[in-house]
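Visitor: First the structure, then my questions, so here it is.
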Amino acid sequence: MLNVDARRLVLAHFWVAFAAFFVALLLGEWQMYIRSPLHAWIGNPELYYRSVTAHGSAMGYVFPTLVAMGFGYAIVELSLKQTLIGKRWAWAGFALVVLGTVMAMIPVALGRASVLYTFYPPLVGNPFYYLGVVLVVVGSWIWVALMSINMYAWKKKHPGQAVPLPMFANAAGAYLWAWTSVGAALEILLQILPVALGFKSTIDAGLARVFFSWTLHAIVYFWLMPAYIAFYTLVPRAIGGRLYSDTMARISFALFLVFSMPIGAHHLFQDPQVGAGMKFLHAVFTGMVSVPTLLTIFTITASVEVAGRLRGGTGALGWVRALPWHNPMMLAVAFSFILLGFGGAGGLINMSYQLDFAVHNTQWITGHFHLIFAGAIVIMYFALAYDLWPHLTGRELKDVKLIRWQLWLWFVGMIVTTFPWHAVGILGMPRRMAYYDYTHPELQPLAASVIITFIGGLMLVVSGVLFLLVLLRGHRALRINLPQYTFSEPVHVLGRLPAALNGHGLWIALMIGLTVVNYGFPIIELARQPQTSVPAVPIGGPP
């Protein structure tokens, strides 16, 4: 069980994460509204890009980082059954993330850092925005260190024993994030901050984009990690089943470390400064990252089938009818898999060098990553919060009907929001545009689709309100005596594991090696090129 100090620590991370999520959700809906035919031209496009920057930074950096950190601290105590080592450092990391968030959002709110969460060089914003992002990352690195220290301490006390799967997966996510964030850190420290602080007036935008591509796609798999941990370690237990294969789960998390890093250059297919050979290499590895996802889909589907058959389901599909569809966790994993399937199918288009030309920088891309992150991932964040909440508050979370409504609204709202984006993206509608002239004959047919996305966004906002309401009501519910918190047990008793599946050394070495190969060459080549810098474009005036 979590002790009182650990509960407070986890709750603090979760509440700040969900507050940032809800503010960003409102900003996203406002953006859809002012871009739609329902609202007249706002007159100042900078307000739109200010909102997009805040929305993306909160959703991309703050929200998932705090969820991963809070969930990680809970996993240490619940799976290792030991008191978290370094609680003071954990609070220090949390304080840095909160301080960095405030520091970054103030210049964004003032219109001095409307550079979007991708930084978009040669645009350069106020230095406090970048310093705030750095503080968020440094705070998260403290979490990475604590995950490693706590796992090492457990292994020292339990020589030869298998590290519990939740902790093995949690540490994999931490190591992935530590290496993933290096790319953006290098871009900020070497390219952007010298300009933002007034030491330089030019910036190598091409090299900066390569540095950020190091982070840009791999960060998605850091976002995925808490959701995948929930797939493997919470879902089978919650629906009355067992995990089909512990070994398959470990292989999946290990492969995420290897294949999710060296693939970011597929975001640069249209950038001339990266050679065709490197683009091809990254496209190949982008295809390889589907392997751990397909392993996960197979393993979790098999685990769900085990649950259905344990509940009396027979025949080829009788187990599906026997599943506990009233259970929020069952709904969440089903919705998540459906959205992941749609999003993954769109990703096959993005990773293709030829097909990417048709959808590059269109609303198709917006639809794709919202299906993956806001759809498949966030819905599992809801599920893991619901699962943990009674153990964090000591109170009953009894609004099961309201939880089901919340999950249904999010699922349907995400489909209503993202499917029109895919359709208009194929027709060439650009993303990140503050205004569309729907009186133009060629744009007029697209007006209805934009209104539909706004309606979908309203459904998401209502779902977000219900989510927060359920959690708040959970704090005021009756106190209950809770059983021991458990994670999913595998179908077969876990025997002695090979060292490669009980630690991360081999996979970290492969991750670093592939990153050096896939990014080292273009970075060195671009750094050697003379006169590649361009004048920086300051946002909101000089710092």
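Visitor: Say we look at the stretch 437-493 and pick out the residues that are aromatic (Phe, Trp, Tyr) and more than 18 Å from MET1 (Cβ to Cβ); which of these is surrounded by the most Cβ atoms within 10 Å (Cβ to Cβ)?
Guide: Applying the filter and picking the extreme gives PHE467.
The rows are residues; the columns are (1) part of a helix (DSSP H, G or I); (2) in contact with a Leu (Cβ under 8 Å, 6 or more places away or on another chain); (3) closer than 24 Å to GLN31 by Cβ.
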{"residue": "ILE379", "(1), (2), (3)": "yes, yes, yes"}
{"residue": "LYS401", "(1), (2), (3)": "yes, no, no"}
{"residue": "TRP410", "(1), (2), (3)": "yes, yes, yes"}
{"residue": "TRP421", "(1), (2), (3)": "yes, no, yes"}
{"residue": "GLY428", "(1), (2), (3)": "no, no, yes"}
{"residue": "ALA448", "(1), (2), (3)": "yes, no, yes"}
{"residue": "LEU458", "(1), (2), (3)": "yes, no, yes"}
{"residue": "LEU472", "(1), (2), (3)": "yes, no, no"}
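Visitor: Tell me which of these ASN327 doesn't satisfy, since it passes every other one: (1) under 28 Å from TRP408 (Cα atoms); (2) over 19 Å from the mean Cα position of the chain (by Cα); (3) crowded, with 20+ Cβ neighbours inside 10 Å.
Guide: Among (1) under 28 Å from TRP408 (Cα atoms); (2) over 19 Å from the mean Cα position of the chain (by Cα); (3) crowded, with 20+ Cβ neighbours inside 10 Å, the lone unmet condition for ASN327 is (3).
Visitor: Would you tally the residues in the stretch 99-113 being touching a residue at least 60 places away in the same chain (Cβ under 8 Å) and touching a helix residue (DSSP H, G or I) at 6+ places or on another chain (Cβ under 6 Å)?
Guide: Number of matching residues: 4.
Visitor: Where in the stretch 233-337 are there helices (runs of 4 or more DSSP H), lying wholly inside it, with at least 3 residues that are within 21 Å of PHE373 (Cα to Cα)?
Guide: 246-259, 276-288, 290-310
Visitor: Could you say whether any residue in the stretch 428-449 is among the β-branched types (Val, Ile, Thr) and within 25 Å of GLY346 (Cβ to Cβ)?
Guide: No.
Visitor: If I ask for residues that are among the hydrophobic types (A, V, I, L, M, F, W, C) and in contact with an Asp or Glu (Cβ under 8 Å, 6 or more places away or on another chain), which ones from the stretch 252-310 would you list?
Guide: PHE269, the sole residue that qualifies.
Visitor: Can you tell me which residues in the stretch 351-367 are touching a residue at least 24 places away in the same chain (Cβ under 8 Å), surrounded by fewer than 24 Cβ atoms within 10 Å (Cβ to Cβ) and not acidic (Asp, Glu)?
Guide: Scanning the stretch 351-367 gives MET351, SER352, TYR353, PHE357, ALA358, VAL359, HIS360, ASN361, THR362, ILE365, THR366.
Visitor: Among GLY413, GLY474, GLY428, which is the only one that is of a type in the set (Gly, Ala, Ser) and within 25 Å of the chain's Cα centre (by Cα)?
Guide: Matching residue, one of GLY413, GLY474, GLY428: GLY413.
Visitor: Any residue at all in the stretch 300-319 that is acidic (Asp, Glu) and over 30 Å from ARG431 (Cα atoms)?
Guide: Within the stretch 300-319 (the criterion being acidic (Asp, Glu) and over 30 Å from ARG431 (Cα atoms)), the answer is yes, since at least one residue qualifies.
Visitor: Turning to a different aspect of this structure: Are any residues in the stretch 151-204 touching a helix residue (DSSP H, G or I) at 6+ places or on another chain (Cβ under 6 Å), outside any helix (DSSP H, G or I), surrounded by 20 or more Cβ atoms within 10 Å (Cβ to Cβ) and not β-branched (Val, Ile, Thr), and if so, which ones?
Guide: Scanning the stretch 151-204 gives a single hit, PRO164.
Visitor: OK, next. Let me spell it out: the conditions are (1) of a type in the set (A, V, I, L, M); (2) at pLDDT below 95; (3) out of contact with any helix residue (DSSP H, G or I) (no Cβ under 7 Å at 6 or more places or on another chain), and LEU116 meets all of them except one. Which number is the exception?
Guide: (3)
Visitor: Here's a follow-up. Residues of the stretch 493-525 being of a type in the set (Gly, Ala, Ser) and in contact with a helix residue (DSSP H, G or I) (Cβ under 7 Å, 6 or more places away or on another chain), which ones?
Guide: ALA500, the sole residue that qualifies.
The values are calculated or read from the model by the stated rules, or taken from the named source; none is laboratory data. Source: prediction; values computed, not measured. Neighbour counts are summed over all protein chains in view; Cβ atoms, including those assigned to glycine, are modelled from backbone coordinates with ideal geometry.
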